[in-house]
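Please read the structure below before turning to the comments.
The values are calculated or read from the model by the stated rules, or taken from the named source; none is laboratory data. This is a predicted model, so every value here is computed, not measured. All Cβ positions, even for glycine, are placed from backbone atoms using ideal geometry, and neighbour counts span all protein chains on display.
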Ligand code: SF4
(Lines give C-alpha, C1' and ligand atoms only; values in the text may rest on other atoms or scores of the structure.)
Protein backbone atom coordinates (compact mmCIF):
# COMPACT_ATOMS: atom_id res chain seq x y z
CA UNK A 1 0.00 0.00 0.00
CA UNK A 2 1.22 3.50 -0.82
CA UNK A 3 0.09 6.42 1.30
CA UNK A 4 0.22 10.19 0.90
CA UNK A 5 0.33 12.56 3.88
CA UNK A 6 -1.26 11.85 7.25
CA UNK A 7 -3.45 8.77 7.54
CA UNK A 8 -6.30 8.38 10.04
CA UNK A 9 -8.65 5.55 10.97
CA UNK A 10 -11.05 4.90 13.86
CA UNK A 11 -9.70 2.96 16.88
CA UNK A 12 -11.83 -0.07 15.98
CA UNK A 13 -10.07 -0.29 12.60
CA UNK A 14 -6.61 -0.59 14.20
CA UNK A 15 -6.15 -4.04 12.65
CA UNK A 16 -7.68 -3.15 9.28
CA UNK A 17 -5.88 -2.96 5.98
CA UNK A 18 -6.15 0.70 4.88
CA UNK A 19 -6.68 1.65 1.27
CA UNK A 20 -6.27 5.35 0.54
CA UNK A 21 -8.76 5.62 -2.31
CA UNK A 22 -9.32 9.34 -1.79
CA UNK A 23 -6.92 11.99 -0.54
CA UNK A 24 -8.06 14.44 2.14
CA UNK A 25 -11.59 15.54 2.92
CA UNK A 26 -13.97 17.06 0.38
CA UNK A 27 -15.18 19.56 3.02
CA UNK A 28 -12.01 20.24 5.04
CA UNK A 29 -13.53 23.24 6.79
CA UNK A 30 -14.51 22.06 10.27
CA UNK A 31 -12.91 24.64 12.53
CA UNK A 32 -11.29 22.17 14.95
CA UNK A 33 -10.00 19.66 12.39
CA UNK A 34 -6.39 19.55 11.30
CA UNK A 35 -6.45 16.04 9.91
CA UNK A 36 -6.20 16.78 6.21
CA UNK A 37 -5.07 20.38 6.06
CA UNK A 38 -1.85 19.14 4.45
CA UNK A 39 -3.61 18.04 1.26
CA UNK A 40 -6.27 19.21 -1.15
CA UNK A 41 -9.09 16.73 -1.72
CA UNK A 42 -8.85 14.43 -4.71
CA UNK A 43 -9.98 10.99 -5.76
CA UNK A 44 -6.95 8.82 -6.16
CA UNK A 45 -6.31 7.25 -9.54
CA UNK A 46 -8.43 4.08 -9.56
CA UNK A 47 -5.72 1.96 -11.20
CA UNK A 48 -3.34 2.88 -8.38
CA UNK A 49 -5.92 1.93 -5.75
CA UNK A 50 -6.57 -1.40 -7.46
CA UNK A 51 -2.82 -2.05 -7.79
CA UNK A 52 -2.47 -1.40 -4.02
CA UNK A 53 -5.23 -3.91 -3.31
CA UNK A 54 -3.53 -6.51 -5.51
CA UNK A 55 -0.19 -5.93 -3.79
CA UNK A 56 -1.82 -6.22 -0.33
CA UNK A 57 -3.59 -9.38 -1.54
CA UNK A 58 -0.29 -10.96 -2.60
CA UNK A 59 1.36 -10.09 0.72
CA UNK A 60 -1.44 -10.56 3.26
CA UNK A 61 -4.36 -12.18 1.34
CA UNK A 62 -6.22 -14.48 3.73
CA UNK A 63 -4.99 -12.62 6.82
CA UNK A 64 -6.98 -9.48 6.00
CA UNK A 65 -10.41 -9.51 7.64
CA UNK A 66 -11.13 -5.75 7.64
CA UNK A 67 -10.62 -3.08 5.00
CA UNK A 68 -10.88 0.62 5.84
CA UNK A 69 -11.19 2.92 2.84
CA UNK A 70 -9.58 6.32 3.56
CA UNK A 71 -9.31 9.33 3.70
CA UNK A 72 -11.78 11.66 5.39
CA UNK A 73 -15.05 11.04 3.54
CA UNK A 74 -14.41 8.20 1.13
CA UNK A 75 -18.12 7.47 0.73
CA UNK A 76 -18.03 10.33 -1.78
CA UNK A 77 -16.49 7.94 -4.33
CA UNK A 78 -18.74 7.27 -7.30
CA UNK A 79 -20.47 3.94 -7.82
CA UNK A 80 -18.05 2.74 -10.57
CA UNK A 81 -15.07 3.35 -8.25
CA UNK A 82 -16.78 1.57 -5.35
CA UNK A 83 -17.72 -1.37 -7.55
CA UNK A 84 -14.15 -1.79 -8.77
CA UNK A 85 -12.64 -1.42 -5.29
CA UNK A 86 -15.10 -3.70 -3.51
CA UNK A 87 -14.93 -6.44 -6.13
CA UNK A 88 -11.11 -6.36 -6.17
CA UNK A 89 -11.07 -6.43 -2.34
CA UNK A 90 -13.36 -9.49 -2.33
CA UNK A 91 -11.01 -11.19 -4.80
CA UNK A 92 -7.83 -10.36 -2.90
CA UNK A 93 -9.04 -10.93 0.67
CA UNK A 94 -11.08 -14.16 0.87
CA UNK A 95 -11.64 -13.76 4.64
CA UNK A 96 -12.84 -10.16 4.48
CA UNK A 97 -15.56 -9.58 7.11
CA UNK A 98 -15.92 -5.79 7.09
CA UNK A 99 -15.37 -2.88 4.74
CA UNK A 100 -15.82 0.57 6.25
CA UNK A 101 -15.10 4.24 5.63
CA UNK A 102 -15.63 7.69 7.08
CA UNK A 103 -18.69 9.47 5.69
CA UNK A 104 -20.20 12.89 5.93
CA UNK A 105 -23.99 13.05 6.12
CA UNK A 106 -24.01 14.79 2.72
CA UNK A 107 -22.14 11.84 1.16
CA UNK A 108 -24.98 9.57 2.31
CA UNK A 109 -27.70 11.99 1.20
CA UNK A 110 -26.12 12.44 -2.23
CA UNK A 111 -26.55 8.72 -2.91
CA UNK A 112 -29.95 7.24 -3.75
CA UNK A 113 -31.57 4.52 -1.65
CA UNK A 114 -30.78 2.06 -4.46
CA UNK A 115 -27.13 3.10 -4.57
CA UNK A 116 -26.73 2.70 -0.82
CA UNK A 117 -28.37 -0.73 -0.94
CA UNK A 118 -26.10 -1.67 -3.87
CA UNK A 119 -23.01 -0.62 -1.90
CA UNK A 120 -24.18 -2.86 0.94
CA UNK A 121 -24.71 -5.74 -1.49
CA UNK A 122 -21.11 -5.24 -2.66
CA UNK A 123 -20.08 -5.61 1.00
CA UNK A 124 -19.48 -2.08 2.16
CA UNK A 125 -20.73 -2.66 5.68
CA UNK A 126 -19.99 0.20 8.10
CA UNK A 127 -19.94 4.00 8.00
CA UNK A 128 -18.19 6.18 10.58
CA UNK A 129 -20.08 9.47 10.82
CA UNK A 130 -19.01 12.37 13.04
CA UNK A 131 -21.74 14.92 13.79
CA UNK A 132 -19.62 15.85 16.86
CA UNK A 133 -22.61 17.72 18.32
CA UNK A 134 -26.38 17.79 18.13
CA UNK A 135 -26.59 21.42 19.21
CA UNK A 136 -27.50 23.58 16.18
CA UNK A 137 -25.49 26.56 17.46
CA UNK A 138 -22.41 24.39 18.04
CA UNK A 139 -22.81 22.67 14.66
CA UNK A 140 -22.72 26.08 12.96
CA UNK A 141 -19.81 27.36 15.03
CA UNK A 142 -17.62 24.33 14.34
CA UNK A 143 -18.30 24.62 10.62
CA UNK A 144 -20.13 21.34 10.16
CA UNK A 145 -22.37 22.55 7.36
CA UNK A 146 -24.95 19.92 8.32
CA UNK A 147 -28.07 20.23 10.45
CA UNK A 148 -29.43 17.96 13.18
CA UNK A 149 -32.20 16.93 10.79
CA UNK A 150 -29.78 16.10 7.96
CA UNK A 151 -27.77 13.84 10.26
CA UNK A 152 -30.97 12.01 11.23
CA UNK A 153 -32.04 11.69 7.59
CA UNK A 154 -28.62 10.32 6.60
CA UNK A 155 -28.75 7.82 9.47
CA UNK A 156 -32.24 6.69 8.44
CA UNK A 157 -31.12 6.17 4.84
CA UNK A 158 -27.97 4.29 5.81
CA UNK A 159 -29.97 2.05 8.17
CA UNK A 160 -32.58 1.36 5.49
CA UNK A 161 -29.77 0.18 3.22
CA UNK A 162 -28.43 -2.15 5.94
CA UNK A 163 -25.25 -0.17 6.58
CA UNK A 164 -24.00 -0.23 10.17
CA UNK A 165 -23.21 3.15 11.65
CA UNK A 166 -20.65 4.25 14.17
CA UNK A 167 -21.46 7.80 15.28
CA UNK A 168 -18.94 10.07 16.94
CA UNK A 169 -19.45 13.02 19.30
CA UNK A 170 -16.84 15.47 20.51
CA UNK A 171 -16.79 16.52 24.17
CA UNK A 172 -15.96 20.21 24.50
CA UNK A 173 -17.08 21.15 20.98
CA UNK A 174 -19.59 23.67 22.34
CA UNK A 175 -16.99 25.45 24.42
CA UNK A 176 -17.82 26.66 27.92
CA UNK A 177 -20.66 28.74 26.52
CA UNK A 178 -22.68 25.88 24.98
CA UNK A 179 -21.40 23.01 27.15
CA UNK A 180 -24.77 22.01 28.63
CA UNK A 181 -26.73 22.42 25.37
CA UNK A 182 -24.02 20.57 23.43
CA UNK A 183 -24.20 17.58 25.78
CA UNK A 184 -27.98 17.45 25.90
CA UNK A 185 -28.53 17.89 22.16
CA UNK A 186 -25.77 15.42 21.33
CA UNK A 187 -27.60 12.82 23.44
CA UNK A 188 -30.79 13.70 21.58
CA UNK A 189 -29.08 13.32 18.19
CA UNK A 190 -27.52 10.00 19.25
CA UNK A 191 -31.01 8.82 20.16
CA UNK A 192 -32.49 10.02 16.88
CA UNK A 193 -29.69 8.58 14.71
CA UNK A 194 -30.01 5.28 16.59
CA UNK A 195 -26.71 3.75 15.43
CA UNK A 196 -25.18 0.40 16.36
CA UNK A 197 -22.02 2.07 17.70
CA UNK A 198 -21.44 5.36 19.52
CA UNK A 199 -18.20 7.00 20.57
CA UNK A 200 -17.18 10.16 22.37
CA UNK A 201 -13.85 11.85 21.79
CA UNK A 202 -12.51 14.90 23.64
CA UNK A 203 -11.68 18.06 21.75
CA UNK A 204 -8.07 19.19 21.63
CA UNK A 205 -7.49 22.65 20.19
CA UNK A 206 -4.87 22.09 17.50
CA UNK A 207 -2.53 25.00 16.70
CA UNK A 208 -3.07 26.74 13.34
CA UNK A 209 -6.72 25.67 13.08
CA UNK A 210 -9.54 28.23 12.85
CA UNK A 211 -10.62 27.09 16.33
CA UNK A 212 -7.17 27.90 17.74
CA UNK A 213 -7.44 31.39 16.25
CA UNK A 214 -10.89 31.79 17.84
CA UNK A 215 -9.42 30.70 21.16
CA UNK A 216 -6.58 33.23 20.83
CA UNK A 217 -9.14 35.98 20.23
CA UNK A 218 -11.19 34.90 23.28
CA UNK A 219 -14.07 33.67 21.14
CA UNK A 220 -13.78 30.05 22.24
CA UNK A 221 -12.93 28.53 25.59
CA UNK A 222 -12.44 24.80 26.05
CA UNK A 223 -14.35 23.48 29.10
CA UNK A 224 -12.20 22.21 31.98
CA UNK A 225 -11.84 18.50 32.75
CA UNK A 226 -14.71 18.39 35.25
CA UNK A 227 -17.04 20.12 32.80
CA UNK A 228 -16.01 17.69 30.04
CA UNK A 229 -16.83 14.80 32.37
CA UNK A 230 -20.17 16.44 33.14
CA UNK A 231 -20.90 16.56 29.39
CA UNK A 232 -20.07 12.87 29.20
CA UNK A 233 -22.37 12.18 32.14
CA UNK A 234 -25.26 13.99 30.50
CA UNK A 235 -24.64 12.06 27.29
CA UNK A 236 -24.62 8.57 28.84
CA UNK A 237 -27.63 9.37 31.03
CA UNK A 238 -29.76 10.86 28.23
CA UNK A 239 -28.80 9.04 25.00
CA UNK A 240 -31.41 6.37 24.31
CA UNK A 241 -30.68 4.55 21.07
CA UNK A 242 -32.30 1.10 20.76
CA UNK A 243 -29.07 -0.69 21.68
CA UNK A 244 -25.67 0.79 20.87
CA UNK A 245 -22.17 -0.15 21.93
CA UNK A 246 -20.68 3.02 23.44
CA UNK A 247 -16.98 3.59 23.93
CA UNK A 248 -14.68 6.37 25.06
CA UNK A 249 -11.54 4.37 24.34
CA UNK A 250 -10.05 7.05 22.05
CA UNK A 251 -6.74 8.38 23.36
CA UNK A 252 -8.15 11.92 23.61
CA UNK A 253 -10.46 10.98 26.50
CA UNK A 254 -9.76 11.39 30.21
CA UNK A 255 -11.98 8.49 31.29
CA UNK A 256 -12.19 5.28 29.24
CA UNK A 257 -15.67 3.75 29.42
CA UNK A 258 -17.41 0.95 27.56
CA UNK A 259 -20.96 -0.31 27.77
CA UNK A 260 -24.23 -0.52 25.95
CA UNK A 261 -26.63 2.41 25.75
CA UNK A 262 -29.21 2.75 27.09
CA UNK A 263 -28.76 -0.46 29.16
CA UNK A 264 -25.56 0.59 30.96
CA UNK A 265 -26.23 4.34 31.04
CA UNK A 266 -26.83 4.47 34.81
CA UNK A 267 -23.75 2.37 35.58
CA UNK A 268 -21.55 4.53 33.36
CA UNK A 269 -23.02 7.69 34.95
CA UNK A 270 -22.04 6.24 38.36
CA UNK A 271 -18.46 5.68 37.11
CA UNK A 272 -18.35 9.30 35.94
CA UNK A 273 -19.68 10.47 39.31
CA UNK A 274 -16.83 8.55 40.97
CA UNK A 275 -14.36 10.28 38.64
CA UNK A 276 -15.94 13.67 39.33
CA UNK A 277 -15.48 13.12 43.05
CA UNK A 278 -11.84 12.15 42.58
CA UNK A 279 -12.22 8.43 43.33
CA UNK A 280 -11.11 7.30 39.86
CA UNK A 281 -7.77 8.11 38.28
CA UNK A 282 -8.08 9.97 34.99
CA UNK A 283 -5.80 9.52 31.99
CA UNK A 284 -2.86 11.86 32.57
CA UNK A 285 -2.49 14.78 30.16
CA UNK A 286 0.85 13.50 28.86
CA UNK A 287 -0.66 10.23 27.62
CA UNK A 288 -3.61 11.78 25.80
CA UNK A 289 -3.57 11.91 22.02
CA UNK A 290 -5.61 13.47 19.26
S1 LIG B 1 -15.66 16.48 7.70
FE2 LIG B 1 -14.31 15.31 9.08
S3 LIG B 1 -12.33 15.21 8.01
FE4 LIG B 1 -13.56 16.80 7.00
S5 LIG B 1 -12.93 18.71 7.96
FE6 LIG B 1 -14.73 17.97 9.06
S7 LIG B 1 -13.90 16.72 10.76
FE8 LIG B 1 -12.23 17.03 9.28
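Of all strands (runs of 3 or more DSSP E) completely enclosed by the stretch 72-177, which ones contain at least 2 residues that are more than 14 Å from the ligand (Cβ to nearest atom) and farther than 21 Å from residue 214 by Cβ?
Values: elements: 98-103, 126-132, 164-171.
It comes to 98-103, 164-171.
Within the stretch 80-100, residues that are surrounded by 15 or more Cβ atoms within 10 Å (Cβ to Cβ) reach no partner that is modelled with pLDDT under 95 and part of a strand (DSSP E or B) with beta carbons closer than 8 Å at six or more positions or on different chains. Residue 67 - would you say it is assigned to a loop (DSSP other than H, G, I, E, B), away from the ligand (no atom under 16 Å from the Cβ) and surrounded by 19 or more Cβ atoms within 10 Å (Cβ to Cβ)? Spelling it out, it is not the case that residue 67 is assigned to a loop (DSSP other than H, G, I, E, B), away from the ligand (no atom under 16 Å from the Cβ) and surrounded by 19 or more Cβ atoms within 10 Å (Cβ to Cβ).
Please go through the stretch 109-125 and pick out each residue that is surrounded by 24 or more Cβ atoms within 10 Å (Cβ to Cβ) and closer than 30 Å to residue 32 by Cα.
124 - this is the single residue of the stretch 109-125 that is surrounded by 24 or more Cβ atoms within 10 Å (Cβ to Cβ) and closer than 30 Å to residue 32 by Cα.
Beta carbons closer than 6 Å, at least 6 apart along the sequence or on distinct chains, pair a first residue in the stretch 266-277 that is under 11 Å from residue 235 (Cα atoms) with a second that is assigned to a loop (DSSP other than H, G, I, E, B) for 268/257. Taken over the stretch 34-64, the residue count meeting the criterion of being at pLDDT 95 or above, under 25 Å from residue 110 (Cα atoms) and crowded, with 19+ Cβ neighbours inside 10 Å is 3. Listed by first and then second residue, the pairs linking a residue in the stretch 11-30 that is touching a residue at least 40 places away in the same chain (Cβ under 8 Å) to a residue that is assigned to a helix (DSSP H, G or I) and within 15 Å of the ligand (Cβ to nearest atom), with Cβ atoms under 7 Å apart and 6 or more places separating them unless they lie on different chains, are 21/74; 22/74; 22/76; 26/76.
Could you check, for the stretch 160-171, whether at least one of its residues is in contact with a helix residue (DSSP H, G or I) (Cβ under 6 Å, 6 or more places away or on another chain), in contact (Cβ under 8 Å) with a residue 12 or more places away in the chain and surrounded by fewer than 19 Cβ atoms within 10 Å (Cβ to Cβ)? Yes, the stretch 160-171 contains a residue that is in contact with a helix residue (DSSP H, G or I) (Cβ under 6 Å, 6 or more places away or on another chain), in contact (Cβ under 8 Å) with a residue 12 or more places away in the chain and surrounded by fewer than 19 Cβ atoms within 10 Å (Cβ to Cβ).
The condition (being under 25 Å from residue 211 (Cα atoms) and surrounded by 13 or more Cβ atoms within 10 Å (Cβ to Cβ)) is satisfied by just one residue among 3, 8: 8.
Kindly indicate whether any position in the stretch 207-214 is in contact with a helix residue (DSSP H, G or I) (Cβ under 7 Å, 6 or more places away or on another chain) and either modelled with pLDDT of 95 or more or over 21 Å from residue 12 (Cβ atoms) (or both). Even if it seems obvious, please write down each step before you answer.
Start the filter on the stretch 207-214 by keeping residues that are in contact with a helix residue (DSSP H, G or I) (Cβ under 7 Å, 6 or more places away or on another chain), which leaves none.
No.
Of all residues in the stretch 9-25, those satisfying the criterion of being more than 6 Å from the ligand (Cβ to nearest atom) and within 16 Å of the chain's Cα centre (by Cα) are 9, 10, 11, 12, 13, 14, 16, 18, 24.
Looking across the stretch 26-44, the residues that are touching a strand residue (DSSP E or B) at 6+ places or on another chain (Cβ under 9 Å), assigned to a loop (DSSP other than H, G, I, E, B) and either more than 18 Å from residue 169 (Cβ to Cβ) or more than 6 Å from the ligand (Cβ to nearest atom) (or both) come down to 32, 36, 39, 40, 41, 44.
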